[in-house]
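Notes follow once the structure below has been shown.
The values are calculated or read from the model by the stated rules, or taken from the named source; none is laboratory data. The shown structure was predicted, so the numbers you read here are calculated from the model rather than taken from an experiment. Virtual Cβ from ideal backbone geometry, glycine too; neighbours counted across all protein chains shown. Accessible surface areas use protein heavy atoms only, side chains included; no ligands, DNA or RNA. Shrake-Rupley method; radii C 1.70, N 1.55, O 1.52, S 1.80 Å.
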Amino acid sequence: MKTLIKNGTVVNATGTAQADVLIDGETIAAVLAPGSTLLGFDLESNVDTVIDAAGKYVIPGGIDAHTHMEMPFGGTFASDTFKTGTRAAAWGGTTTIVDFVVQYAGENVLDQFALWHEKARGNCAIDYGFHQILSDVQDSSLVAMDELLREGVSSFKLFMAYKGVFLSDDGQIFKAMQKAASNGSMIMMHAENGSVIDVIVQQLVAEGKTDPYFHGISRPWQAEEEATHRAIMLANLTGAPLYVVHVSAKQAVEQIAQARDLGQNVFGETCPQYLYLSLEEQLGATGEQWGSFEGAKWVCSTPLRSRAEGHQSHMWQSLRTNDLQMVSTDHCPFCMKDQKDLGIGDFSKIPNGIGSVEHRVDLMYQGVVAGEITLPRWVELISTTPARMFGLYGKKGVIQPGADGDVVVYDPNGHTSIGVGEGRTHHMNMDYSAWEGFEIDGHVDTVISRGTVVVDDFAYVGTAGHGQYVKRGLSQYLI
Ligand code: URP
Ligand code: ZN
Ligand code: ZN
């Protein structure tokens, strides 16, 4: 199967160029001056499919390096399976996800890794890799970190919050970091001071402050800043590279920026919800949801932050200045019915998470439209840096010969209305959209995964099982 994408503007992290892209089988074979022949052969009459991308952008497929498909969490399971979640991702221009294998205390890491393979195998519309969550960091977990590296898992997430669920104490974190420093893998950190948060939660609930709004109040930016600082110091002590996930507080960004300025291998990710949404508007401090359960839709951790305190604008700025390097979704969807509902009368029982895997490419493109980021930076944030950060670059994250044929044709003159309503876009397995009413001045037209068209002109035309497991190498940001 040969596909020619002609007349488009190819956007890589390095810049833009008018070029035709030839995909042969699963691989990009050539990026050519528009209308070129190849060794005297006219391309159009020698390929199976021609896609005219005139007036459109041709970008490497999105890589969402932070998803939780069917994750057991908060007394329930994240509502997207690998099947529904990767299909929704494809619809939105994402051609690779990196999902988290979960290990709870007492569980065996390698058994969990095998279990996640079973969940994903044969079900994915797009390619997928795994990070591994470690909770209690047993001796066997440290041995497993070496084994997993050979299996293409080069990053390990630890939690400084969620006592009795995920939390690793500082000694456990220290040991995992020592291992990462020795085998070259990346430590990913959920940086919030869980012990302090647990006390605040108890006090708020005891005072009858049980609405979703108080989820935000229970997880103050100081708890994020402190944990981020502590994680950086532990990484400094051990020499481990550190990637701080779902950064939402501007003070946490400052910690990351300072460490980077001092030459430490520290990286930071934010998510669309921390760029666009806020404590006031979604959780209800000043909005209509105050006193209602509506805000449960946006209960996630780290929490949405106060717009009055300026966190959102600081996140955009940090993406421009490279104090933050990537945007992932932290896709962890739950329905309102029977899932978020578990927290009626007690916000601390609301399953934490927001579903966005379908919308990240669009939401970040809207940042281009709004003048927050440039076109190449858009591609860098959603595809190229995730590929480099997590050992996929070359194969993924770039339009160049030899790379996988993971390509999105994006129409800057198209339009996308996000939400569950009529004429709106919503394919995730959730009974609401956290992004209802968002309007995007652009549209994902065609999505190609390893040379196969999986989304074409508003229709999903892929198959579950097309997506393959990708073994990842070490981060390409580390020397
Ligand atoms: O609220 C969130 N972020 N849920 C998913 C789990 C995590 O901490 O990433
Ligand atoms: Zn987390
Ligand atoms: Zn997460």
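General observations
- Spread of Cα-to-Cα distances over 10 Å intervals beginning at zero, given as percent, for the chain: 4, 21, 32, 26, 12, 3, 1, 0
- Carbon + sulfur, % of accessible area of the chain - ligands and nucleic acids excluded, 1.4 Å: 51 percent
- Judged by the mean number of other Cβ atoms found within 10 Å, the most tightly packed of the peptides 441-454, 11-24 leads the ranking 441-454, 11-24.
- Using alpha-carbon coordinates, inclination of helix 82-91 to the longest axis of the chain, degrees: 50 degrees
- Angle between the chain longest axis and helix 221-238 axis [Cα atoms, degrees, rounded to 10]: 70 degrees
- DSSP-loop GluC sites (Glu not before Pro) across region 147-232, with at most 12 other Cβ within 10 angstrom: Glu207
- Computed accessible area, Leu279, all protein chains, 1.4 angstrom probe, square angstrom: 20 Å²
- Heavy-atom accessible area with a 1.4 Å probe sorts Glu380, Glu422, largest first, into Glu422, Glu380.
- For region 86-177, the fraction of alpha-carbon pairs in successive 10 Å shells from zero, as %: 16, 46, 27, 11, 0
- The antiparallel fraction among DSSP beta bridges confined to region 41-177 stands at about 15%.
- When Leu149, Leu158 are compared by accessible surface with a 1.4 Å probe, the order from highest to lowest is Leu149, Leu158.
- Once the Cα atoms are used to define both axes, helix 170-183 deviates from the longest principal axis of the chain by about 30 degrees.
- Bridges between two residues of region 322-457, per DSSP, are antiparallel at a rate of about 80%.
- Between Ala17 and Ser313, the simple spin-label model (points 7 angstrom out along Cα→Cβ) gives 3.9 nm.
- Amide N proximity, region 294-318 versus Ile344 label position 7 Å along Cα-to-Cβ, cut-off under 16 Å: 294-297
- Among 265-271, 349-355, the peptide with the highest mean count of other Cβ atoms within 10 Å heads the list, and the full ranking is 265-271, 349-355.
- Under the simplified labelling scheme, the Lys2-Val420 pair shows an inter-label distance of 4.7 nm, with each label point 7 Å from Cα along Cα→Cβ.
- For chymotrypsin sites (Phe, Trp or Tyr not before Pro), the sites in region 371-473 that DSSP calls loop and that have at most 14 other Cβ atoms within 10 Å are Phe458.
- Here region 151-219 has an Rg and Dmax of 15.7, 49 Å, counting Cα atoms alone.
- DSSP finds beta bridges in the chain, and of those with both partners inside it, around 50 percent are antiparallel.
- The chain - mean residue ellipticity at 222 nm from DSSP helices (-39,500 (n - 2.57) per run, n ≥ 4, rounded to 500): -8000 deg cm²/dmol
- Förster radius 30 Å - calculated FRET efficiency between Asp169 and Asp261, Cβ distance, rounded to 0.05: 0.55
- Asp411/Ala206 FRET efficiency (R0 45 Å; Cβ-Cβ; nearest 0.05): 0.25
- Overall form of region 247-361 per C-alpha gyration tensor (a/c, 1.5; a/b vs b/c): prolate
- Amide hydrogen proximity for Phe130: with H placed 1.01 Å from N in the peptide plane, the residues at 5 or more positions away or on another chain lying under 5 Å are Asp99.
- Between Asp42 and Val143, residue separation times 0.36 nm minus the direct Cα-Cα distance comes to 30.9 nm.
- Candidate lysines for bridging to Lys297, where Cα separation is under 29 Å - those fewer than 8 sequence places away on the same chain excluded: Lys83, Lys119, Lys157, Lys163, Lys209, Lys250, Lys337, Lys340, Lys349
- Relative protection proxy for 105-115, 295-305, from highest mean packing down: 295-305, 105-115 (other beta-carbon atoms within 10 angstrom).
- The alpha carbon centroids of region 11-44 and region 300-337 are separated by 36 Å.
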